[in-house]
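Structure record follows, encoded as structure tokens.
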Amino acid sequence: MGTALVYHEDMTATRLLWDDPECEIERPERLTAALDRLRQRGLEQRCLLLSAREASEEELGLVHSPEYVSLVRETQVLGKEELQALSGQFDAICFHPSTFHCARLAAGAGLQLVDAVLTGAVQNGLALVRPPGHHSQRAAANGFCVFNNVAIAAAHAKQKHGLHRILVVDWDVHHGQGIQYLFEDDPSILYFSWHRYEHGRFWPFLRESDADAVGRGQGLGFTVNLPWNQFDPELVLVSAGFDSAIGDPEGQMQATPECFAHLTQLLQVLAGGRVCAVLEGGYHLESLAESVCMTVQTLLGDPAPPLSGSMVPCQSALESIQSARAAQAPHWKSLQLQDVTPVLMSPSILSPEERPPPLLPGGPVCKGAASAPSSLLDQPCLCPAPSVRTAVALTAPDITLVLPPDVIQQEGSALREETEAWARPHESLAREEALAALGKLLYLLDGMLDGQVNSGIAATPASAAAATLDVAIRRGLSHGAQRLLCVALGQLDRPPDLAHDGRSLWLNIRGKEAAALSMFHVSTPLPAMTGGFLSCILGLVLPLAYSFQPDLVLVALGPGHGLQGRHAALLAAMLRGLAGGRVLALLEEDSTPQLAGILARVLNGEAPPSLGASSVASPEDVRALMYLRGQLEPQWKMLQVGAFTPQK
Ligand code: X5A
Ligand code: ZN
């Protein structure tokens with residue numbers, strides 16, 4: 001359905017008129033660098049370009065006081081000295097005669113994006129704006145922010161489009177206290193922020209940025225850090241700051257550009273894929289440009305490049321996550337079933353006496369942060385994007401199967417002798433139909449391993465499912481895959497003579513028993529309800545998969561898999577985050593065209609249908625999950641993120 005890119009050149013006008021080391025990083029080149037790179041990568045050309053309009057004063061009034069709007073309006077006619085004096089009344093603000101115009105364009109860009117998404121003109125989009133917005137408050141500019149672009153967009157989505165549940169995800173490195181203040185008593189706007197905090201020593205140095213700020217009044221539980229399986233938003237707004245990216249002089253964090261592709265992709269499974277991202281911070285031009293490209297590319301449906309790095313969460317991150325879970329548990333049923341013992345008994349802010357001086361940019365630099373960008377950013381993913389994103393290889397092409405125009409219906413088959421050689425050890429592959437299906441699967445798989453095709457769907461007669469999967473695994477491992485993840489649903493057993501060499505991870509979702517036969521051979525029951533299914537994916541499948549870092553993923557829906565179409569779509573959408581989206585789905589031949597169609601569209605980058613506000617997991621499902629996590633956590637460290645066991 002398309003991706004919008006909202007921009008207006010005028011937003012490069014506002015700039016610093018005097019010396020101010022704090023404000024100088026928020027400069028016009030931030031926009032031009034991001035836009036140039038989008039052009040260079042051919043991404044701008046794939047978007048629907050919208051020219052930003054100014055927000056009206058009435059629209060600004062959705063979250064700002066009339067007096068404050070007037071005050072900003074009047075800066076247009078002030079001289080340099082007056083501007084500087086007024087700026088001094090706020091924290092980290094530098095007004096310019098064009099500030100009012102730019103800030104109205106920035107707010108207007110967010111509104112236009114929301115309108116485009118909610119009228120169905122596009123599926124999602126990004127607004128490239130200056131000045132940023134998330135620190136700005138009802139009657140105050142703050143932290144380079146003048147009008148609160150994302151907050152105005154959220155209020156507008158409620159007022160003009162009648163939405164009832166809006167998720168705002170703030171991945172800027174700073175806490176968007178402006179958004180928190182504006183909506184802390186509003187349960188219809190769930191504000192989730194991750195930010196650098198340093199026990200209160202990182203700007204904006206606020207006690208209320210901590211995990212125990214959970215909203216108030218009606219809005220209790222609707223501020224800060226939550227899992228998203230009960231809220232079921234109708235729209236996702238992203239305060240997309242890239243100062244959490246590697247190389248940023250403000251944030252001094254280590255997130256690679258690929259991280260933003262994964263964050264975006266994770267959010268795309270919500271709200272039927274209606275995601276509006278609005279630029280906030282991000283001050284390292286190279287890192288900003290790359291991260292913006294990753295975000296837009298993912299909005300366009302391209303698979304996320306694999307994450308690099310060790311996939312071992314650090315202790316302090318685990319503590320922060322656990323604190324937030326503990327603080328949120330009273331307000332969210334899905335957290336109550338889990339182990340949310342607080343790690344920290346006292347609030348994580350230090351008292352004034354024990355507090356070291358504030359951390360300022362240019363102060364102590366995180367190890368590696370300053371030097372990392374050159375190494376990590378100079379070598380963009382060189383592998384060319386496959387020419388075909390998704391191919392469907394069904395034996396009896398179904399005329400009722402409706403596919404998007406760019407999904408290829410594959411005609412080819414592997415050579416007959418070769419197919420027979422692979423089939424020989426398997427009795428169930430002797431039949432002509434099974435052989436024909438195997439030939440098509442091998443051809444598709446080779447296309448994927450050669451890098452011509454990114455993802456695909458193949459089918460097999462039910463009686464040959466296990467043997468076909470067995471061949472696919474062997475073929476994958478012998479023809480270029482280093483690590484292969486196989487997620488098997490239904491009556492499919494791990495091939496008995498598959499080597500235990502750590503190159504394959506077998507995850508079976510079926511039956512009654514949860515069992516970890518080895519760290520590479522895991523079996524878990526298929527949860528009965530949506531809540532349990534989500535917990536299984538988020539709490540087990542993804543942490544295992546991200547820890548394993550496969551370069552090929554097979555998902556097999558075998559005999560009696562019992563999976564609903566929308567659940568299969570969610571599983572496929574989530575697994576697409578692995579292996580650069582190199583996912584092959586294996587279906588039974590008599591699967592419905594609806595199932596094949598939805599999987600093809602999701603593998604091709606479409607958002608899966610929204611699951612609706614889901615039930616929580618059943619006690620049995622939780623028990624199975626907890627058991628497996630306990631067994632596997634020592635080996636697969638990403639599991640620690642969800643179930644924290646304090647470590648000595
Ligand atoms: C939008 C944004 C940061 C202000 C930092 C002031 N503001 N030291 O990233
Ligand atoms: Zn920021």
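Okay, residues lined up against (1) touching an Asp or Glu at 6+ places or on another chain (Cβ under 8 Å); (2) farther than 22 Å from Ala154 by Cβ; (3) in a helix (DSSP H, G or I):
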site: Val269; (1), (2), (3): no, no, no
site: Val278; (1), (2), (3): no, no, no
site: Tyr283; (1), (2), (3): yes, yes, no
site: Ser287; (1), (2), (3): yes, yes, yes
site: Val292; (1), (2), (3): no, no, yes
site: Gln297; (1), (2), (3): no, yes, yes
site: Gly301; (1), (2), (3): yes, yes, no
site: Ala304; (1), (2), (3): yes, yes, no
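Here's the yes/no breakdown for (1) touching an Asp or Glu at 6+ places or on another chain (Cβ under 8 Å); (2) in contact (Cβ under 8 Å) with a residue 24 or more places away in the chain; (3) within 28 Å of Ala289 (Cα to Cα); (4) within 16 Å of ligand 1 (Cβ to nearest atom):
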position: Arg46; (1), (2), (3), (4): no, yes, yes, no
position: Glu59; (1), (2), (3), (4): no, yes, no, no
position: Ala85; (1), (2), (3), (4): no, no, no, no
position: Ser136; (1), (2), (3), (4): no, yes, yes, yes
position: Ala140; (1), (2), (3), (4): no, yes, no, yes
Conditions (1) outside any helix (DSSP H, G or I); (2) surrounded by 22 or more Cβ atoms within 10 Å (Cβ to Cβ); (3) in contact (Cβ under 8 Å) with a residue 40 or more places away in the chain -> Leu403 fails only (2)
When you scan the range 242-258, how many residues do you find that are within 12 Å of ligand 2 (Cβ to nearest atom) and not in a loop (DSSP other than H, G, I, E, B)? 1
Within the range 262-279, can you find the residues that are over 13 Å from the mean Cα position of the chain (by Cα) and within 16 Å of ligand 1 (Cβ to nearest atom)? Val278, Leu279
Read through the list (1) buried (at least 24 other Cβ atoms within 10 Å of the Cβ); (2) among the charged types (D, E, K, R); (3) within 21 Å of Ala140 (Cα to Cα), then give the number of the only condition that Glu208 fails. (1)
Can you list residue pairs whose Cβ atoms sit under 9 Å apart, with the first residue in the range 98-117 being of a type in the set (Asp, Glu) and the second being surrounded by fewer than 24 Cβ atoms within 10 Å (Cβ to Cβ) and in a helix (DSSP H, G or I)? Count only pairs 6 or more apart in sequence or on different chains. Asp115/His156; Asp115/Lys160; Asp115/His161
Quick one: in the range 232-250, of everything that is touching a strand residue (DSSP E or B) at 6+ places or on another chain (Cβ under 7 Å) and under 30 Å from Ala92 (Cα atoms), which residue is farthest from ligand 1 (Cβ to nearest atom)? Val236
Give the residues of the range 406-438 that are surrounded by fewer than 13 Cβ atoms within 10 Å (Cβ to Cβ) and among the charged types (D, E, K, R), sorted by residue number. Asp406, Glu411, Arg416, Glu417, Arg424, Glu427, Glu432
Residues in the range 207-222: is at least one part of a strand (DSSP E or B) and within 16 Å of ligand 2 (Cβ to nearest atom)? no
Residues in the range 441-499 that are more than 28 Å from Leu401 (Cα to Cα), of a type outside the set (D, E, K, R) and assigned to a loop (DSSP other than H, G, I, E, B) total 8
If you scan the range 22-58, which residues turn out to be surrounded by fewer than 19 Cβ atoms within 10 Å (Cβ to Cβ), more than 17 Å from Gln297 (Cα to Cα), away from ligand 2 (no atom under 16 Å from the Cβ) and not hydroxyl-bearing (Ser, Thr, Tyr)? Pro28, Glu29, Arg53, Glu57, Glu58
Residues that are among the hydroxyl-bearing types (Ser, Thr, Tyr) and closer than 30 Å to Gln159 by Cα, drawn from the range 45-101: Ser51, Ser56, Ser65, Tyr68, Ser70, Thr75, Ser98, Thr99
Residue hits (the range 475-500; surrounded by 21 or more Cβ atoms within 10 Å (Cβ to Cβ) and at positive phi) are Gly490
Would it be correct to say that Glu411 is in a loop (DSSP other than H, G, I, E, B) and among the charged types (D, E, K, R)? yes
Let me spell it out: the conditions are (1) of a type in the set (A, V, I, L, M); (2) within 16 Å of ligand 2 (Cβ to nearest atom); (3) within 30 Å of Arg566 (Cα to Cα), and Val236 meets all of them except one. Which number is the exception? (2)
Restricting to the range 280-294, name every residue that is within 16 Å of ligand 1 (Cβ to nearest atom) and in contact (Cβ under 8 Å) with a residue 60 or more places away in the chain. Glu280, Gly281, Gly282, Tyr283, His284, Leu285, Ser287, Leu288, Val292
Restricting the range 59-95 to residues that are under 33 Å from the mean Cα position of the chain (by Cα) and surrounded by fewer than 20 Cβ atoms within 10 Å (Cβ to Cβ), the one nearest to Gly110 (Cα to Cα) turns out to be Gly61
Could you check the range 272-288 and list, in sequence order, the residues that are surrounded by fewer than 24 Cβ atoms within 10 Å (Cβ to Cβ) and more than 16 Å from ligand 2 (Cβ to nearest atom)? Gly272, Gly273, Glu286
Those residues of the range 159-199 that are within 16 Å of ligand 2 (Cβ to nearest atom), part of a strand (DSSP E or B) and among the β-branched types (Val, Ile, Thr) come to a total of 2
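Where a number appears in this text, it was derived from the coordinates with a stated rule and is not lab data. If you're wondering where the values come from, they're calculated on a predicted model, not measured in any experiment. For neighbour counting, all protein chains shown are included, and Cβ atoms are generated from backbone atoms with ideal geometry for every residue, glycine included.
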